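Asker: Can you read through this structure? Questions will come right after.
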């Protein structure tokens, strides 16, 4: 895996982030595998676990085959794409969030995110029988797109707060394709978990739930820095509901394939928007601006 190059700048939302100054290499947790206590300590101390090539390449490539069928039906791909290529069609720019129905036409993708190996990992980590939500957030991110900085609890807060997200790279995702960025060492949050951390994107009719489009705003207010990696297919990053994260901008003409899936103890309360055969999902009116809330919170 290619390490980040100091001095090089990458865009996330409104900001350029310089490697070695604002953006750093995400540290692997692979050396902790098999030591549940150490993994849980790392998750608590750093806020995330980065496990390189957790899934085998052949498993990911089978999933890619399924996903390419859906993307071709949506006319998202260049018709001259070879197998395992995801070049964007010339008349397209933006990407796509796969629908619940789309995802369930992709059995090899589901075999990855529901795999026995992954479920056993979470069972060991949480020391309990594991539930994973049937709704999966499968993304094909297009040129110029990125995700703003946010907490997941804003979208997934109606059940247990002991919920873990798992971001999975479903292709090689170098920085130019707009991979995940994770906040690290942000120790000055104060009462943020009781303000931003208590909003609900649907109940509070938020425009999108992002705390900010500016990673620099977040580090200026709360300290710390951002970490990322040149991700390889099969890499996963695990984090909790109160961890700031977002993404870099995809600057290529290739779709970035990644997904977010959620795991929790079977015995704990579940967010009912994302369970059942036909999950309700989000239904916000998208009217309330985060900037207005931040002003009211004096954040």
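Asker: Out of curiosity, is residue 112 in contact with a helix residue (DSSP H, G or I) (Cβ under 7 Å, 6 or more places away or on another chain) and surrounded by 15 or more Cβ atoms within 10 Å (Cβ to Cβ)?
Answerer: Against the criterion (in contact with a helix residue (DSSP H, G or I) (Cβ under 7 Å, 6 or more places away or on another chain) and surrounded by 15 or more Cβ atoms within 10 Å (Cβ to Cβ)), residue 112 qualifies.
Asker: Could you pull out every one of the strands (runs of 3 or more DSSP E) wholly within segment 206-287 that has 3 or more residues that are modelled with pLDDT under 95 and in contact with a strand residue (DSSP E or B) (Cβ under 6 Å, 6 or more places away or on another chain)? First the steps, then the outcome.
Answerer: Details: elements: 225-228, 236-239, 245-247, 256-265.
Counting at least 3 such residues, we get no strands (runs of 3 or more DSSP E) at all.
Asker: Please work out which one of (1) exposed (fewer than 15 other Cβ atoms within 10 Å of the Cβ); (2) touching a helix residue (DSSP H, G or I) at 6+ places or on another chain (Cβ under 7 Å); (3) at pLDDT below 95 is the condition residue 129 fails and give its number.
Answerer: Unmet condition: (3).
Asker: Taking residue 43, is it touching a strand residue (DSSP E or B) at 6+ places or on another chain (Cβ under 7 Å), under 19 Å from residue 245 (Cβ atoms) and assigned to a helix (DSSP H, G or I)?
Answerer: Numbers: touching a strand residue (DSSP E or B) at 6+ places or on another chain (Cβ under 7 Å): yes; under 19 Å from residue 245 (Cβ atoms): yes; assigned to a helix (DSSP H, G or I): yes.
It is true that residue 43 is touching a strand residue (DSSP E or B) at 6+ places or on another chain (Cβ under 7 Å), under 19 Å from residue 245 (Cβ atoms) and assigned to a helix (DSSP H, G or I).
Asker: Same structure again: Looking at (1) in contact with a helix residue (DSSP H, G or I) (Cβ under 6 Å, 6 or more places away or on another chain); (2) surrounded by fewer than 22 Cβ atoms within 10 Å (Cβ to Cβ), can you tell me which one residue 250 breaks?
Answerer: Checking residue 250 against (1) in contact with a helix residue (DSSP H, G or I) (Cβ under 6 Å, 6 or more places away or on another chain); (2) surrounded by fewer than 22 Cβ atoms within 10 Å (Cβ to Cβ), the one that fails is (2).
The values are calculated or read from the model by the stated rules, or taken from the named source; none is laboratory data. Note that this is a predicted model, so its numbers are computed, not measured. No Cβ is skipped: glycine too gets one built from the backbone with ideal geometry, and neighbour counts run over all protein chains shown.
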